[in-house]
Each structure stands twice: as C-alpha cells, then as structure tokens.
Amino acid sequence: MEFQFTLPDRDLWREKIISELKENKDRILYKNEIEQIEFDITQVTSKSFETPEIRISNEWKNCFRIEVKDEVEANQSCLKALMQGADSLFFDIKNSNTNWNKLFKDIEFEYIHSRISISSKKEHESYVKFAIETRIEQIDLVIDPLAEEIDSNENDSFLINGFELQQIGANTWQEIGVMLSTFHEILINHTNARKFNFHLGIGSNYFIEIAKIRAAKWLVNQLCNLYQINPELHFTAEIGYGNKSLKDPHTNLLRQTTEAMAAISGGVSELTVGPYDGLSAKGSTDFSRRMALNISNMLKEESYFDYVKNPLKGSNTVELLTEQIILKAWDFLKTLEKFESVNGTAKIDFIRKTISETRNKRIKKFNEKKLELIGVNCFLNPTDETNSWTKEKMYLELPYLIFENCN
C-alpha cells in the first residue's frame, strides 16, 4: 500500500509556529552572538546553494589519546584502554629519546587504527628509522603544520588541527576557515600529500556542532573537486575541557555524552572522549578514563547510533546552520589566503587576534551569567574539591579556555 503525503504550505506552517510561540514570537529569529549568525528558522536554504550531501559511514572508532611522558606507563594505559573498548590509539609524544619498543610492547596494531604526533624533529627522525627497521605500517605519523616545523614525506599524514583552535576559543567558522586555509596551502606546497586528518573540537551547542562537521566535510570536498584530487580523508573529533567542572563529575558525563552524540550525528569516523580531569593538577583517574571510553561503547552497543546514516539530513534548521557556517568559513578562508605562509608570523598573529576576540566574548558572557554552566557558575556542587586545573596547555601561544578557571 502506498501513502501519498502532501507538502505543507510553508506560509501556513510559519504562521502556526508564530501563533504557538505567542509572546515569544521573536524566537523565530535565531541569533548567536559568538557565531555571528542570524536567520529566520522558517526560511529555506538559498536557491543557489546545493544542500551538502555528506557521504558518511555509520561506524566510528573509539579513540584513546595518550600524552607519552613515560613509555611503560603509557603502554600500560593503552593496553588497559584497548581492553575497555578502545579500537584506536593516538600517541602524543612529549618526551625525548623515546624507547619505541617499550611504548608499543604487546599492542597488536594490525587490529586497530593508530596515529602518532611528534613535535620534535629529532624524535620524528627516530620514529621514522624505527618504523623502517621494524616494518610497522599500521601507525599514521601525523604532522600539524600550524604548530610544527617538520619536513614531511609522502607517507606522512597531515593533521589539520581544529580541536585545539576550538579549545583556545575559536567559533565554528574560524575553526573551519583556518583548517581550510591550512589544507589549501598543503595542496599547493606538498603536491605528493595524500593523507589528511581533519580533527575537530566539539563544544556544547548541539546543533551548531553537528552543522559544523557537515560544513567542514562539504567544504573540504569542494576544494578536492576544484583540484580534481581524491586524497585519503579522515574526519575525527575530540570532546574538549572548556565547559567541564572538576567539582561536578556527574554533570560532566551528561555534557560528554551529548557532545559525543553531536559528533557522531555529524558524521565523524573517529571520536575521542577524554577524561574530564585530564588537564587537572592530579591528572585523570582510572575511573574517569573508563567512563569516558564507555560513552562511545554505550552509544554504539546500547543506543545504536551506528544504525542511522546522516540522521540530520533534511532537518531545516540544521541545513540552514550548515549553509551559514559554510558561507562564513569560506569568507574567512578568503581573508586568510592574503597571507603568504601557512605558519608565517603575520598569519599566525592574525589568527591569534581573531580567535582572542571571540574568546573574550565567551568569557564576558560567562562572567555576566549570560552563559550558564551547571556546576561551574550556577547550581554549584557543595562538595569540596581540592583538585585544580593546570595552565600549561597552550596552542598558538593561547592557553586553553576552561571556564572554571575564569571564576
């Protein structure tokens, strides 16, 4: 039996929304000061704009990220994470003279996806030599061209790092614009580059974050089409620390879960949910690491988030948000293209200044209680907590924006 559905009249639909909003009818206009986005939620996307078609898989990897300072300790943490549901590893090398055999002991890389980021040129050369001698091929060596001045070869993967831009205060189109500009310059200057990891940060604005991922994928595909290339692209995401509280771990779990839901619904192929206390003075606990890993496990095994492909396709508001972010990110990309080098002083200074302005707006809204965060600046947990945030995490010479530090 076939059912015929008639499309509703948009004007009647709009009138119905306004009548039901009553005295709050101005809410039909969506305004976001941080994103500098404003539109009528009942409008349709521009006729000249083709709705982005996002090609995604239902599946995503549950990634465990580890900052390596002690090889044996890091190795044990990775083995434990793999036993608790992780199926991807990200090694962030912070020490020197790394003993690669100790770090990788008993890890069966042939069954998982792994990446390694190295900021030191000496360590980079050491790892490349080790990888050749041991014929290890399952680990992608990723290079962040904004933060690292390391010569790459055609087997390396470029890390287009939006996560840390978001962590220092960037809004969605600033994050994507810088990522696109970095990607564009790599295409021009490294014609042999074939692997790219677009790593996005996920904040607390659910639909904005979904639209951001969709916009990033659409824009990257546009650039690839312009250059008529088909590189290996990975879109990954990481849950950040800005809205988390060391005094309210239970609310953190709710935030981490909804942020993970947004990342998955947006279509990432890998998700890192780090422990909420990962940047605290005492460091993360076994329990907080286990709970963070379990979020992906539960969304996949119990909530079946991997059953639906591109679930927000056709949602009027999400499509409008996606279009707005695409247009603003593209404009920002054109502004950044005036600079000569991907990590030149003038360009980095401009990016830092632009993000600082957005960062200061966020802090102002927080201090004026226009941005309310449960457990951080409202409905505080009366339990005493002696732990504190460290201030050592920096990117582009700006510290991570953690609102609990702004109190």
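The values are calculated or read from the model by the stated rules, or taken from the named source; none is laboratory data. Predicted, not measured: the structure shown is a model, and the values here were computed from it. In this analysis, Cβ positions are derived from the backbone assuming ideal geometry, glycine residues included, and neighbour counts consider all displayed protein chains.
Of the residues that sit in the stretch 348-382 and are loosely packed, with under 15 Cβ neighbours inside 10 Å and in a loop (DSSP other than H, G, I, E, B), which one is nearest to the chain's Cα centre (by Cα)?
Once the filter is applied, the top-ranked residue is Glu372.
Name, by its number, the condition in (1) among the hydroxyl-bearing types (Ser, Thr, Tyr); (2) in contact with a Lys or Arg (Cβ under 6 Å, 6 or more places away or on another chain); (3) more than 24 Å from Leu29 (Cα to Cα) that does not hold for Thr322.
(3)
Name the single residue, out of those in the stretch 179-197 being of a type outside the set (S, T, N, Q) and part of a loop (DSSP other than H, G, I, E, B), that is farthest from Ile116 (Cα to Cα). Lay out the reasoning, then the answer.
If we filter the stretch 179-197 for residues that are of a type outside the set (S, T, N, Q), which is where we start, we get 179-180, 183-188, 190, 193-196.
After this cut, where a residue has to be part of a loop (DSSP other than H, G, I, E, B) as well, the list is 190, 193-194.
Working: His190: 20, Ala193: 17, Arg194: 17 Å.
Checked the stretch 179-197; the qualifying residue farthest from Ile116 (Cα to Cα) is His190.
Out of all the residues in the stretch 240-259, is one or more within 16 Å of the chain's Cα centre (by Cα), modelled with pLDDT of 90 or more and small (Gly, Ala, Ser)?
yes
Name the residue that is surrounded by the fewest Cβ atoms within 10 Å (Cβ to Cβ), counting only residues in the stretch 268-280 that are touching a strand residue (DSSP E or B) at 6+ places or on another chain (Cβ under 7 Å) and either among the hydroxyl-bearing types (Ser, Thr, Tyr) or part of a loop (DSSP other than H, G, I, E, B) (or both). If you could, list the steps in order and put the result at the bottom.
The first filter runs over the stretch 268-280 and keeps only residues touching a strand residue (DSSP E or B) at 6+ places or on another chain (Cβ under 7 Å), leaving 268-274, 279-280.
From the residues that got through so far, the ones that are either among the hydroxyl-bearing types (Ser, Thr, Tyr) or part of a loop (DSSP other than H, G, I, E, B) (or both) too are 268-269, 272, 274, 279-280.
Values: Val268: 26, Ser269: 18, Thr272: 26, Gly274: 22, Leu279: 21, Ser280: 20.
If we take residues in the stretch 268-280 being touching a strand residue (DSSP E or B) at 6+ places or on another chain (Cβ under 7 Å) and either among the hydroxyl-bearing types (Ser, Thr, Tyr) or part of a loop (DSSP other than H, G, I, E, B) (or both), then Ser269 is surrounded by the fewest Cβ atoms within 10 Å (Cβ to Cβ).
Look through the stretch 152-197, keep the residues that are charged (D, E, K, R) and within 13 Å of Tyr395 (Cβ to Cβ), and return whichever of them is surrounded by the fewest Cβ atoms within 10 Å (Cβ to Cβ). Reasoning before the result, please.
Applying the first criterion (charged (D, E, K, R)) to the stretch 152-197 yields 154, 156, 164, 175, 185, 194-195.
So of that shortlist, the ones also within 13 Å of Tyr395 (Cβ to Cβ) come out as 164, 175.
Details: Glu164: 23, Glu175: 28.
Within the stretch 152-197, the match that is surrounded by the fewest Cβ atoms within 10 Å (Cβ to Cβ) is Glu164.
Results for (1) at pLDDT 90 or above; (2) in a strand (DSSP E or B); (3) over 30 Å from Ser204 (Cβ atoms), shown as yes or no for each residue.
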residue	(1), (2), (3)
Glu38	yes, yes, no
Phe49	no, no, no
Glu53	no, no, no
Ser57	no, no, no
Val72	yes, no, yes
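Residues in the stretch 314-322: is at least one among the hydroxyl-bearing types (Ser, Thr, Tyr), surrounded by 18 or more Cβ atoms within 10 Å (Cβ to Cβ), part of a helix (DSSP H, G or I) and modelled with pLDDT of 95 or more? Before the answer, list the steps.
Initial filter on the stretch 314-322 (among the hydroxyl-bearing types (Ser, Thr, Tyr)): 315, 317, 322.
Okay, now just the ones that are also surrounded by 18 or more Cβ atoms within 10 Å (Cβ to Cβ), so 322.
Checking the rest, the ones that are also part of a helix (DSSP H, G or I) come to 322.
Within this subset, residues satisfying the condition of being modelled with pLDDT of 95 or more are none.
No, the stretch 314-322 contains no residue that is among the hydroxyl-bearing types (Ser, Thr, Tyr), surrounded by 18 or more Cβ atoms within 10 Å (Cβ to Cβ), part of a helix (DSSP H, G or I) and modelled with pLDDT of 95 or more.
Of all residues in the stretch 383-407, count the ones that are under 13 Å from Ser245 (Cα atoms) and without any contact (Cβ under 8 Å) to a residue 40 or more places away in the chain.
4
Do we find a residue being acidic (Asp, Glu), crowded, with 19+ Cβ neighbours inside 10 Å and in contact with a helix residue (DSSP H, G or I) (Cβ under 7 Å, 6 or more places away or on another chain) anywhere in the stretch 232-240? Before the answer, list the steps.
The first filter runs over the stretch 232-240 and keeps only residues acidic (Asp, Glu), leaving 232, 238.
From what's left, crowded, with 19+ Cβ neighbours inside 10 Å: 238.
Now narrow it down to the ones that are in contact with a helix residue (DSSP H, G or I) (Cβ under 7 Å, 6 or more places away or on another chain): 238.
Checked against the condition, which is being acidic (Asp, Glu), crowded, with 19+ Cβ neighbours inside 10 Å and in contact with a helix residue (DSSP H, G or I) (Cβ under 7 Å, 6 or more places away or on another chain), the stretch 232-240 yields at least one hit.
Which of the residues spanning the stretch 198-231 are surrounded by fewer than 16 Cβ atoms within 10 Å (Cβ to Cβ) and assigned to a helix (DSSP H, G or I)?
Result: Tyr206, Asn221, Gln222, Leu223, Asn225, Leu226, Tyr227.
Please go through the stretch 259-287 and pick out each residue that is among the hydrophobic types (A, V, I, L, M, F, W, C) and without any contact (Cβ under 8 Å) to a residue 24 or more places away in the chain.
The answer is Phe287, and nothing else.
Yes/no matrix, rows are residues, columns are (1) touching a helix residue (DSSP H, G or I) at 6+ places or on another chain (Cβ under 9 Å); (2) of a type in the set (D, E, K, R); (3) under 25 Å from Glu148 (Cα atoms); (4) in contact (Cβ under 8 Å) with a residue 60 or more places away in the chain:
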{"site": "Lys69", "(1), (2), (3), (4)": "no, yes, yes, no"}
{"site": "Met83", "(1), (2), (3), (4)": "no, no, no, no"}
{"site": "Ser88", "(1), (2), (3), (4)": "no, no, yes, yes"}
{"site": "Lys94", "(1), (2), (3), (4)": "no, yes, yes, no"}
{"site": "Asp106", "(1), (2), (3), (4)": "yes, yes, no, no"}
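What are the pairs, 6+ residues apart or on separate chains, where a residue within the stretch 288-313 that is modelled with pLDDT under 90 and part of a loop (DSSP other than H, G, I, E, B) has its Cβ under 6 Å from a residue that is crowded, with 17+ Cβ neighbours inside 10 Å and not β-branched (Val, Ile, Thr)?
Listed by first residue and then by second, the contacts come to Pro311/Ser265; Leu312/Ser265.
When the stretch 115-133 is examined, which residues are found to be surrounded by fewer than 18 Cβ atoms within 10 Å (Cβ to Cβ) and either out of contact with any helix residue (DSSP H, G or I) (no Cβ under 8 Å at 6 or more places or on another chain) or without any contact (Cβ under 8 Å) to a residue 24 or more places away in the chain (or both)?
Ser119, Ser120, Lys121, Lys122, Glu125, Val128, Lys129, Ala131, Ile132, Glu133
Restricting the stretch 232-248 to residues that are of a type outside the set (D, E, K, R) and not in a loop (DSSP other than H, G, I, E, B), which is nearest to Cys406 (Cα to Cα)? Write out each step before concluding.
First, pick out the residues of the stretch 232-248 that are of a type outside the set (D, E, K, R): 233-237, 239-243, 245-246.
Keeping just the survivors that are not in a loop (DSSP other than H, G, I, E, B) gives 233-237, 239.
Numbers: Leu233: 37, His234: 34, Phe235: 31, Thr236: 29, Ala237: 25, Ile239: 20 Å.
Taking the candidates together, the pick is Ile239.
Condition check: within 19 Å of Phe64 (Cβ to Cβ) and surrounded by fewer than 17 Cβ atoms within 10 Å (Cβ to Cβ). Does Lys102 satisfy that?
Working: within 19 Å of Phe64 (Cβ to Cβ): yes; surrounded by fewer than 17 Cβ atoms within 10 Å (Cβ to Cβ): yes.
Yes.
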